[in-house]
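Encoded as structure tokens, the structure appears first; notes follow it.
The values are calculated or read from the model by the stated rules, or taken from the named source; none is laboratory data. Given the structure is predicted, the values throughout are model-derived calculations rather than measurements. Here the Cβ positions follow ideal geometry from the backbone for every residue, glycine too, while neighbour counts run over all protein chains shown. All accessible areas refer to the heavy atoms of the entire protein, side chains included, with ligands and DNA or RNA removed. Shrake-Rupley method; radii C 1.70, N 1.55, O 1.52, S 1.80 Å.
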Amino acid sequence: MTISRYTFLLAGLLLLTPALVAQETLQDRENQYYQILTLPVPEDILLEVGGLATLPDGRIALCTRRGDVWMVENPDMYAGGTPQYTLFAQGLHEPLGLAYRDNALYAVQRGELTRLRDTNGDGVADRYETVYDWPLSGHYHEYSYGPKFMPDGSMMVTTNVAFGDEEWWRGESRVPWRGWTMRITGEGEMEPWATGMRSPCGLGVYDGEFFYDDNQGDWMGSGAIWHVEKGSFTGHPAGLRWSEEDNSPVSLTQEAFFAKIDRRREMENGRYLKPSNIPDEADPDMLFEVEKDFTQVQVPAVWLPHGILGISNSEILEDQTSGQFGPFAGQLFVGDQGQSKIMRVVLEKVKGQYQGVAFDFRSGFQSGVLRMDWGSDGSLYVGETNRGWGSAGTKTSGLERLVWTGLIPFEMKTVRAMPDGFEIEFTKAVDPKSAKDLDAYSGQSFIYKYHPVYGSPTIKKEPLNIAGVVVSDNGKTVRLQVTNMREHFIHQLNVPGIRAAQDTSLRILHPTAYYTLNAIPDGTALANDAWIRYSSAAERAKEEAKALAALKARRAKAAQKATAKKRDAVPMYAEIEPLLIRNTCTACHNPNTRQVGPAFKEIAKRGYTPERIVELIYNPEPENWPDYTPMAPMPQVPREEALKIARWINSLK
């Protein structure tokens, strides 16, 4: 791909007036750097993509959750024509993964890893070969994912747990190897690899190692990415039911696990009988505390905060395009089905443990992002479905292509842990004046509960004490001194005040980073005189008093303006839309039509007060809407934002 293909985009940007720029949404700004192109799909094809693989000749192969496998010719549309779809295979059982190797496609069905071959060259699979199969109980949630090829040619496959009988969201492993990762050879030999998975939809390979991401649920306070070593346990205890099998590499048993953490469960044959008896606020442990008791516990390499960096994390894909996709070569891109977007993750290894940082990257896809793969030109193909659950976007499924326009966005390229803080590397040189201002930085650290109820609010929150900053000579890196770093906690760094050196009106596209700090690196801290800081305690007190006076003046002015407006003024949709997207409301609700949940207009007809709607956001009452999928509690929504959303909903009456 060359920049010349997008000169029309650059010309259009030059014509934007200041007024239009001021009204740009985040998606408008993202589109200047990474453009979403939607591939046309024939009306008679329901393309709910479950797997996607690029072939050496430039075609892409897609499997759908309905059981079909399609070959797509001319997917990049460079020749001017439209893509051509050919049915390659059919009749598979909800395949949710696809890979290509040695002139064959490998698909993971619910209960089988299948090899598909076209032996007579007519473009249609004539051999469906079972590589390995595993049991099913028949529960709808027993999805299976993969395969991902490892450097030695073996394949990794992950499996979902089923849900419980007492609460629909409680995971249980009803048949062997549910909630596990399996390593399978091309000859059909299976080796159980690890357990602790709940809904491990996203698989990836980085640095020759296997990684997966899981979704929020019971025992999973938020989505996250795990490095999976043989014999490890990643947190969900249902799969421990099979740890005593002869070929299990996991020695931890369910009985030992529950006995150690004293969950007060009634046990029978390794299965818990009455999880509903456990109070929602019981045992607010963190997973890293359990790690102290069991050496096989593997904590997340990177947390993906729920409702911010996705709600249903999916594909993990390393950028191996050598710069064809922009300035993020070697980093990971992670999809999300619920929020219909892609995040960016950078890993590093500290004291033998993987850890790293996560950022937002690109939103605005037409349906849930489930699978991704690189095209031959370095663009990114994105296979989508909302699976009937709903997702942000206007469609139930789709096939789209993400293309770098050639412009480099002003971003935090990465964040690295330091012995006394963090080092931020930018894609462009920063303006020294804004970068040396301590007020340009803020943040907090927090973590999630490790408990048997669905999800978790953020807990043990603490503002970051950012005590100093130094900017590199080339302006590309900034080092922050943070005096209260906490191992195993997520460290949120906000840099909205940073500006670019060449254009001080250019602000960071995504100004927030989330760094998971599993280990603080060794090394030498910067000397005090290297930091730009207040020169003395007296000077600091003077500056703080000045800032407080300015704050009081601003508040007084704001109060005067507020008296001229109604106290409960209804927000405009332009103000509400980012809140609906950020708090994942659009994953389940649509303003006018039924989605996973009722339309906002239908909620408005109930006549709830704004305060009552806020109460139902935090503590849903499914019996009020018996015909819909039950809503999970959303304690992470800030109350002020919840009230704005509630007032807007009521304006739709």
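Distance between the pseudo-spin-label points of E229 and R101 (7 Å out from Cα toward the beta carbon): 2.4 nm.
Pairs exceeding 27 Å between alpha-carbon atoms, taken from K230/K461; K349/K449; K230/K349: K230/K461.
Between T295 and S651, the contour length at 0.36 nm per residue exceeds the alpha carbon distance by 122.7 nm.
Of G223, V350, P409, which is farthest towards the positive pole of the chain's charge dipole, taken about the Cα centre with +1 and -1 on the beta-carbons of Lys, Arg and Asp, Glu respectively? Working it through, the farthest residue towards the positive pole turns out to be P409. Is the stretch 303-382 rounded, prolate or oblate when judged by the Cα gyration tensor, a ≥ b ≥ c being the square roots of its eigenvalues, rounded requiring a/c under 1.5 and prolate requiring a/b larger than b/c? Because a/c hits 1.5 or more and a/b fails to exceed b/c, the stretch 303-382 counts as oblate. When the Cα positions of Y106, Y441, V124 are compared along the charge dipole of the chain, Y441 comes out farthest toward the positive end, with charges on each C-beta of Lys, Arg, Asp and Glu. Legend: calculated FRET efficiency, E187 to A553, from the Cβ-Cβ distance at R0 = 51 Å, rounded to 0.05, equals 0.10. Between the beta carbons of D57 and L407, assuming R0 = 41 Å, the FRET efficiency works out to 0.85 to the nearest 0.05.
For the chain, the solvent-accessible area of protein heavy atoms averages 43 Å² per residue (probe radius 1.4 Å; ligands and nucleic acids excluded). Assign one of three labels to the stretch 470-533, namely rounded, prolate or oblate, based on the Cα gyration tensor with a ≥ b ≥ c the square roots of its eigenvalues; rounded applies when a/c is under 1.5, prolate when it is not and a/b is larger than b/c, and oblate otherwise. In terms of gyration-tensor shape, oblate. Using the Cα gyration tensor of the stretch 158-241, with a ≥ b ≥ c the square roots of its eigenvalues, what is the shape: rounded (a/c below 1.5), prolate (a/b larger than b/c) or oblate (neither)? The shape class here is oblate. Amide H contacts of H141: F163, each under 5 Å away and 5 or more positions distant or on a separate chain (H built 1.01 Å from N in the peptide plane; Pro and chain starts excluded).
Sparsely packed loop sites in the stretch 400-500 (the GluC sites (Glu not before Pro) outside DSSP H, G, I, E and B with at most 16 other Cβ atoms within 10 Å) comprise E487. Qualifying chymotrypsin sites (Phe, Trp or Tyr not before Pro) in the stretch 36-85, where qualification requires a DSSP coil assignment and no more than 11 other C-beta atoms within 10 Å, comprise Y78. Each label point was placed 7 Å from the Cα along the Cα-to-Cβ direction; for Y618 and V350 their separation is 3.4 nm.
Think of each Lys and Arg Cβ as +1 and each Asp and Glu Cβ as -1; about the Cα centre, that makes the dipole of the chain roughly 2940 debye. The calculated FRET efficiency for the pair D207 and E255, based on their C-beta separation and a Förster distance of 25 Å, comes to about 0.10. Recomputing volume of the Cα convex hull per residue in Å³ from the coordinates shown identifies the correct label among (1) 151; (2) 175; (3) 161 as (2).
Residue by residue, the stretch 111-117 carries 3J(HN,Hα) couplings of x, 6, 9, 10, 9, 10, 10 Hz when phi is fed to the Karplus relation 6.51 cos²θ - 1.76 cosθ + 1.60 (θ = phi - 60°); x denotes Gly or Pro. The helix-only estimate of mean residue ellipticity at 222 nm for the chain, built from DSSP H runs of length n ≥ 4 each weighted as -39500 (n - 2.57), is -4500 deg cm²/dmol after division by the residue total.
The distance linking the stretch 394-452 with the stretch 163-184 is 35 Å (Cα centroid to Cα centroid, whole angstrom). If I compute solvent accessible area with a 1.4 Å probe over the protein chains, what percent of it on the chain is carbon and sulfur? Answer for the chain is 49 percent, counting heavy atoms of protein chains only.
Each label point was placed 7 Å from the Cα along the Cα-to-Cβ direction; for T130 and E425 their separation is 4.9 nm. Solvent-accessible area of F211, all protein chains in place: 0 Å² (probe radius 1.4 Å, heavy atoms, ligands and nucleic acids excluded).
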